[in-house]
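Q: I'd like to ask some things about the structure below.
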Amino acid sequence: MLAGLCLFASTLTTLWSGSIVVPIAIAVALVVFGTYLLTLRAGLFTGASRRPRGGIAFFESDIAPVYVTDLGGRVLARNPSAGPAGFIERWLPDAGSVVYRMSREAETNGHASELSSDGRYSVSAWRSGPRALLWRVERTAPVAPPPPDFSHSAAPWFRIDDENHIISCNHAARELSGGEAETLDALLLDPPFQPGAIQVMERSGRAVRSFPLDDAEGLRDVLMIPLESTEVSGLAPDHFLEELPVALARLRGDGVLTFANRAARALLGAAAQPDKNITELIEGLGRSISERLQDTLKGRALGRSEVARGRVAGHEIFLQVAFTRTVHEGAQSILAVMSDATELKTLEAQFVQSQKMQAVGQLAGGVAHDFNNLLTAINGHCDLLLMRHDVADVEHGDLMQIRQNANRAAALVRQLLAFSRKQTLRPTIVNLQDTLSELTHLLNRLLSEKVTLRIDNGPDLLPVRVDERQLEQVIMNLVVNARDAMPRGGEVRITTRNVHLDEDLHRDRAVVFKGEYVVIEVADSGNGIPEDKLHKIFEPFYTTKQVGEGTGLGLSTAYGIIKQTGGFIFVESPPGSGAIFTIYLPAYETSGDAPVLPPPEPEIRQPRDLTGRGLVLLVEDEDPVRSFAARALQLRGYTVIEAASGEEALETLSDDDLHVDIMLSDVIMPGLDGPAWVREARKKRPDVKVIFMSGYAEEAFAGDGGIPDAAFLPKPFTLPELTQKVKDTLEQA
């Protein structure tokens with residue numbers, strides 16, 4: 001204090017001796033002295049500044065920053081804690097408005113005080129004379145360690161907020177990015193910004209790895225270190241990829257191959273060479289490979305696998321291909337991961353094919369059932385008309401034409417039922433050698449003069465249990481197809497032999513269980529069947545013949561008959577030779593415990609007497625079929641009571657005085673079906689004979705609580721077949 005007073009006195013003496021500048025010097029000295037006194041009062045310019053209440057420390061030391069400014073905010077003096085440059089804006093984000101507002105208030109009231117908008121600092125201002133203000137800044141929060149300063153670092157540094165907006169960056173960062181941008185995403189070739197990942201800068205094309213630092217007050221510091229090409233390629237060296245058991249290929253952005261490892265070359269074939277575009281090797285099934293590559297470069301659908309199709313050595317293959325974006329030798333590239341999906345697609349196609357075959361089979365069975373009802377009515381009424389017209393009548397020829405075409409339609413329906421495995425089979429124990437011997441004459445008539453037939457039967461053929469007529473149909477279909485496959489002539493060979501399987505035989509999609517089988521092979525010397533058509537030849541309505549030369553039901557009918565018999569049929573066509581159809585039929589076990597099968601019912605050629613007596617309850621929901629059946633039975637001497645449903649039949653049988661000799665019923669009807677109402681009727685009439693009529697096979701309903709001693713009449717039937725069946729059933733009683 002004393003030194004200050006002496007300094008003040010010396011200053012006055014010097015200035016007083018000066019003439020006109022004395023008043024000005026005195027004023028300046030008073031301002032300096034007054035400021036000094038106020039500073040001493042506040043204890044701010046000394047090394048022993050007082051602590052604020054609460055013991056809160058200030059910055060690096062205990063001295064608070066103090067400024068002396070003019071009324072406009074220009075700094076006239078500052079203490080060491082204030083730093084070498086800057087003013088209140090160093091501490092306040094909104095310094096401009098604060099300084100203006102506090103300056104006006106301090107000038108008017110002598111003092112002003114405010115907190116910063118973030119609440120971290122308290123700023124006070126006092127009026128110091130007519131033209132000066134004294135400012136003091138105090139912290140109101142505990143001191144945190146200062147954040148690292150990368151502003152002058154050689155490493156590229158960005159400070160970003162939570163939305164990746166760039167708050168500040170250093171000179172190295174500006175050189176790396178090649179310009180300024182608002183966000184990190186805008187600087188990257190492969191946005192969005194991924195902390196810790198390797199990414200490529202948009203303008204410079206440099207590959208960088210980001211190192212995010214700890215967050216501080218909503219801001220993040222990120223160092224982006226450029227990578228050398230050796231460092232980037234070392235992440236996945238080609239010599240390491242070469243030996244991996246996974247097919248990997250590296251591509252440029254335009255799809256050109258730069259590298260394919262051993263597994264990829266084995267999968268894609270010899271064409272997978274550098275400078276070959278991947279689009280020339282494989283094609284996408286849903287989207288093109290080019291579109292997928294563009295999506296990968298843009299960061300969409302990374303790593304998602306999709307199926308592609310290729311062709312290697314003339315064979316079609318399917319691949320699961322996944323593209324991902326990588327950096328190689330400092331440039332952006334694409335890594336393709338591939339796996340063979342041919343077997344998977346084959347299984348998928350087989351599953352779809354089996355579902356389609358099942359659906360077509362169900363459709364064929366339903367259509368055949370309805371057609372059988374129509375054909376029953378057509379054939380039946382045609383028979384009724386033929387009874388009134390002899391051969392000499394003019395209409396007799398027309399009626400025979402109707403009947404012949406109806407029979408052709410019935411044969412077509414039987415083929416549909418055979419394919420859907422819903423036809424009625426009459427299996428018997430047969431010897432294939434005898435069957436083929438009887439069939440030879442007919443087969444020779446089917447073949448042309450240029451085609452010869454050769455039959456080789458193995459020794460001691462085991463018997464088989466099949467429907468002989470249906471098996472003959474299968475062999476005839478195969479022989480006719482073989483004939484058509486040899487327009488210039490050739491030879492058809494039918495070979496039979498016994499086969500014993502010690503273990504299950506897995507062939508195509510079927511499993512032939514071990515046991516004894518009789519094998520029939522039908523081979524031709526034609527051009528064979530193309531490989532891409534082998535899996536389609538058993539489909540209904542599929543034919544390789546010209547329009548009008550085939551219905552496409554021959555092989556599908558053969559397939560259905562063999563499968564319904566319990567056998568298996570396969571086809572193969574070796575390159576350069578004809579087709580070979582192989583049929584496996586289970587050998588019939590002739591053990592002593594085997595039941596004795598009844599002999600087959602003889603074919604009814606010309607029944608001698610079809611008249612009879614008795615009351616027939618006829619139940620049929622189709623009016624034309626019911627009308628024909630009733631008239632046919634009445635013409636043969638039977639009394640017929642008609643019912644259109646099972647409910648109506650039960651109502652008729654409620655009369656206990658009504659004596660019914662036989663019940664003739666359709667199987668499939670609305671409401672109560674045939675077996676349901678017959679079971680109910682037999683509770684009171686257990687001895688009444690029953691005949692079921694159906695366009696489906698007998699096995700289609702026999703398993704659902706079949707009726708004991710019930711006879712079966714398949715549709716379509718003729719008038720003689722109907723009356724003969726009724727008479728035979730009544731006579732058995």
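Q: Of the conditions (1) outside any loop (DSSP other than H, G, I, E, B); (2) touching a strand residue (DSSP E or B) at 6+ places or on another chain (Cβ under 9 Å); (3) not charged (D, E, K, R), residue 274 fails just one. Which one is it?
A: For residue 274, the failing item is (1).
Q: Here is a further query. Would you confirm, using the coordinates I've provided, whether residue 371 is within 24 Å of residue 539 (Cβ to Cβ), assigned to a helix (DSSP H, G or I), of a type in the set (A, V, I, L, M, F, W, C) and modelled with pLDDT of 75 or more?
A: Here the answer is yes, as residue 371 does meet what is asked.
Q: For residue 266, state whether it is over 30 Å from residue 167 (Cβ atoms), part of a helix (DSSP H, G or I) and at pLDDT 80 or above. Walk me through it before giving the result.
A: Details: over 30 Å from residue 167 (Cβ atoms): yes; part of a helix (DSSP H, G or I): yes; at pLDDT 80 or above: yes.
It is true that residue 266 is over 30 Å from residue 167 (Cβ atoms), part of a helix (DSSP H, G or I) and at pLDDT 80 or above.
Q: Condition (residue is farther than 23 Å from residue 269 by Cα and not assigned by TED's automatic domain parsing to the domain that holds residue 193) applied to segment 303-322: is it met by at least one residue? Don't jump to the end; show me each part of the working.
A: Filtering segment 303-322 for residues farther than 23 Å from residue 269 by Cα gives 303-304.
Applying the additional criterion that residues be not assigned by TED's automatic domain parsing to the domain that holds residue 193 yields 303-304.
There is at least one residue in segment 303-322 that is farther than 23 Å from residue 269 by Cα and not assigned by TED's automatic domain parsing to the domain that holds residue 193.
Q: For residue 469, indicate whether it is of a type in the set (Lys, Arg) and either in contact with a Phe, Trp or Tyr (Cβ under 6 Å, 6 or more places away or on another chain) or crowded, with 16+ Cβ neighbours inside 10 Å (or both).
A: No, not satisfied.
Q: For segment 484-511, name all the residues that are aliphatic (A, V, I, L, M) and modelled with pLDDT under 90.
A: Across segment 484-511, the qualifying residues are 485, 486, 505, 510, 511.
Q: So, one more: Could you say which residue among 645, 573, 654 is of a type outside the set (A, V, I, L, M, F, W, C), within 53 Å of the chain's Cα centre (by Cα) and either at pLDDT 90 or above or surrounded by fewer than 15 Cβ atoms within 10 Å (Cβ to Cβ) (or both)? Can you show your working first?
A: Numbers: 573 fails: either at pLDDT 90 or above or surrounded by fewer than 15 Cβ atoms within 10 Å (Cβ to Cβ) (or both); 654 fails: within 53 Å of the chain's Cα centre (by Cα).
The conditions single out 645.
Q: Which residues, taken from segment 56-75, are touching a strand residue (DSSP E or B) at 6+ places or on another chain (Cβ under 8 Å), of a type outside the set (Val, Ile, Thr) and modelled with pLDDT under 50?
A: Within segment 56-75, 57, 58, 59 meet the criteria.
Q: Select from segment 594-620 the residues that are under 16 Å from residue 713 (Cβ atoms) and at pLDDT 90 or above and list them in ascending order.
A: 616, 617, 618, 619, 620
Q: Quick one: which residue in 346, 279 is hydroxyl-bearing (Ser, Thr, Tyr), at pLDDT below 80 and assigned to a helix (DSSP H, G or I)?
A: Residue meeting the stated conditions: 346.
Q: Can I ask one more? Give the residue, chosen from 352, 327, 321, 360, that is over 30 Å from residue 400 (Cα atoms), at pLDDT 80 or above and not aromatic (Phe, Trp, Tyr).
A: 321
Q: Determine whether segment 476-495 contains at least one residue that is out of contact with any strand residue (DSSP E or B) (no Cβ under 8 Å at 6 or more places or on another chain), closer than 18 Å to residue 437 by Cβ, surrounded by 12 or more Cβ atoms within 10 Å (Cβ to Cβ) and assigned by TED's automatic domain parsing to the domain that holds residue 565.
A: So far as segment 476-495 goes, yes, one or more of its residues are out of contact with any strand residue (DSSP E or B) (no Cβ under 8 Å at 6 or more places or on another chain), closer than 18 Å to residue 437 by Cβ, surrounded by 12 or more Cβ atoms within 10 Å (Cβ to Cβ) and assigned by TED's automatic domain parsing to the domain that holds residue 565.
Q: For segment 267-311, which residues satisfy the criterion of being farther than 14 Å from residue 254 by Cβ, surrounded by 15 or more Cβ atoms within 10 Å (Cβ to Cβ) and of a type in the set (S, T, N, Q)?
A: Result: 305, single match.
The values are calculated or read from the model by the stated rules, or taken from the named source; none is laboratory data. Every value quoted in this text rests on a predicted model; they were computed, and no experiment measured them. Cβ atoms come from the backbone with ideal geometry, glycine included; neighbour counts cover every protein chain shown.
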